[in-house]
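Heads up, the thing below is written out as structure tokens.
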Amino acid sequence: MTTIVLVRKNNEVVVAGDGQVSMGNTVVKSTASKIRKIEKRDVVAGFAGSTADALTLFERLEAKIEKHAGNLSRAAVELAKDWRTDKYLRRLEALMAIGDKDNSYIISGTGDVLEPEGDVIGIGSGGNYALAAGKVLMETDKSAEEIAKKAIKVASEICVFTNDNIKVLKI
């Protein structure tokens, strides 16, 4: 697994993720990037789960966003529908945290499109630790980027499947 956090604060949207790829109890790579940006639509996304599955889902998300003229809400629902019903996609094991200037969502393979309460999303093996840290840090003067980085750092100190090689994207 991995840890992804998405933070919205002061008109900034930031997604951050750790760099650890594990197979069982073995760290295979410590510098992976599990976050992506769709430049022309100002959308950021982070993935927790199988790397190949995550990349497949990102490509599908990008296609849905283009098909629906940048409407992230519509694209998220359509991706979740496909993920749940498509014979190939429904076997994929991953979670996605996505956001644009107006919306944030968690998308799961069971067809869920969840809009979180508050301005922090945490997914993956260390997601709950990052979520808790992020919620506390939202009450400080820290920027969205600082909160996201610190939340992943906290998760990396607790979760063995999370490291502190943090990648960040913002819009």
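No lab work stands behind these numbers, since they all come straight from the coordinates. A quick note: this is a predicted structure, and the numbers were derived from the prediction, not measured. So basically every Cβ, Gly included, is an ideal-geometry build from the backbone, and we count neighbours across all protein chains shown.
One table, with the values for the structure above:
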item: Cβ-Cβ FRET estimate between Thr85 and Ala63, R0 fixed at 22 Å, reported to 0.05; result: 0.85
item: Electrostatic dipole magnitude of the stretch 3-170 [Cβ: Lys, Arg +1; Asp, Glu -1; Cα centre; debye, to 20]; result: 360
item: Qualifying aspartates and glutamates (Cα of each under 17 Å from Cα of Lys40; at least 8 residues distant if same chain); result: Glu12, Glu59, Glu62, Glu66, Asp100, Asp102
item: All-pairs Cα distance distribution in the stretch 7-94, expressed in whole percent, bin size 5 Å; result: 3, 13, 21, 23, 19, 13, 7, 2, 0
item: Cα-centre dipole for the stretch 25-95 with unit charges at Cβ (Lys and Arg positive, Asp and Glu negative), debye to 20; result: 80
item: Ranked by how many other beta carbons lie within 10 Å on average, peptides 96-102, 112-118, 37-43 from highest; result: 96-102, 37-43, 112-118
item: For the stretch 1-72 and the stretch 99-156, distance of Cα centres in Å; result: 13
item: Estimated FRET transfer efficiency when R0 is 30 angstrom, pair Ile158-Thr56 (beta carbons, to 0.05); result: 0.50
item: Label-point separation, Thr26 to Thr140 (7 Å along Cα→Cβ), nm; result: 3.8
item: Residue among Phe47, Ile98, Phe58 farthest towards the positive dipole end of the stretch 3-170, charges placed on Cβ; result: Phe58
